[in-house]
Amino acid sequence: MKKTIFTLGIILAIGLFYIWKQSRKSKLPEKSAPPVEKTPEFKITIVYDNNSFDERLKTDWGFSCLIEGPEETTLFDTGADANVLLANMEKLGVDPEIIDKVAISHIHSDHLGGLTGFLDKNSNPTVYLPSSFPQAIKNDVKNHGAELVEIDNPIKIGEGLYSTGELYGPPKEQSLIARTKKGLIVITGCAHPGVVNIIKKAKGVFPGENVHLVLGGFHLGGTSTSQLKEIIKDFRNLGVKKAAPCHCSGDRCRELFKKEYGNDYIEVGVGKVIDI
């Protein structure tokens with residue numbers, strides 16, 4: 001009898017130990033899955049353009065946009081006149097001091113003219129210039145105390161933001177590429193190398209990635225309707241989902257892109273904000 005009771009006690013003890021162990025195991029924190037790398041998202045604000053969007057702002061021939069990324073803010077081009085650039089930024093509530101980096105697309109004054117005046121306000125940003133720029137301009141950037149990076153080939157500018165590198169125009173020109181969850185955002189200054197060539201370059205830098213948006217000056221003012229239709233067809237063949245021509249693109253270009261792209265056409269002018 002005692003032996004039977006002892007045996008039952010052992011079995012009960014083992015059972016209780018098993019229940020305790022399982023309950024403790026269930027309370028232990030599960031091992032977390034490895035973190036998934038998040039694709040950066042961007043906010044793009046047009047701060048200088050010859051097309052109007054926000055009536056509070058001044059229009060002027062040229063281009064500049066503010067690219068707010070996940071970690072840094074980049075100013076792409078500076079328009080023709082620093083006074084116009086800075087006044088528009090002020091009305092938009094943009095403090096020049098928040099800008100970490102400046103990239104200039106090409107040598108023409110309607111994209112470069114505001115640089116010196118901007119650096120007078122904030123000389124802290126790193127400035128990315130095509131290496132083909134005259135030494136005098138490079139020296140001027142350095143004399144303002146800003147760090148200079150000369151661009152030849154594709155290079156990472158910031159988290160999720162890249163330069164296409166210099167492409168031949170003339171003049172030589174760099175464009176920017178932002179990588180987002182929706183795809184690549186290609187931002188052109190004046191597209192002297194050809195906007196289709198720039199898109200192809202962006203797709204070459206990031207093979208297999210789709211192009212969500214092409215934004216900026218397409219340099220198509222004065223281009224014939226038949227040529228514009230071929231370019232739009234190239235956009236479609238390259239899988240460009242949305243188009244946002246401004247600056248030197250031309251009114252006819254904007255009309256035809258709007259007709260083709262419909263709801264995927266983005267009307268752009270100074271003050272326009274695009275959230276990606």
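No value in this document is a laboratory result; all are computed from the given coordinates. Please read all numbers here as calculations on a predicted model, not as lab measurements. All Cβ positions, even for glycine, are placed from backbone atoms using ideal geometry, and neighbour counts span all protein chains on display.
Observations on the model:
- Cleavage-rule hits, GluC sites (Glu not before Pro), region 237-276, DSSP coil, Cβ neighbours within 10 Å at most 15: Glu267
- Relative contact order of region 155-243, pairs being alpha-carbon contacts under 8 Å that are 6 or more residues apart, as %: 23
- Over region 43-275, relative contact order from alpha-carbon pairs under 8 Å, at least 6 apart, %: 20
- Kirkwood Rh and Cα Rg combined as Rg/Rh, region 43-275: 0.94
- Each label was represented as a point 7 Å from its Cα along the Cα-to-Cβ direction; for Glu150 and Phe53 these points are 3.5 nm apart.
- With Cα atoms, 0 to 90° folded angle of helix 82-91 axis to the chain main axis: 40
- Under the convention that each Lys and Arg Cβ holds +1 and each Asp and Glu Cβ holds -1, the size of the dipole of region 43-275 around its Cα centre is about 920 debye.
- Among the listed pairs Lys182/Lys259; Lys58/Lys181; Lys43/Lys201; Lys121/Lys182, those whose Cα-Cα separation exceeds 31 Å are Lys58/Lys181; Lys121/Lys182.
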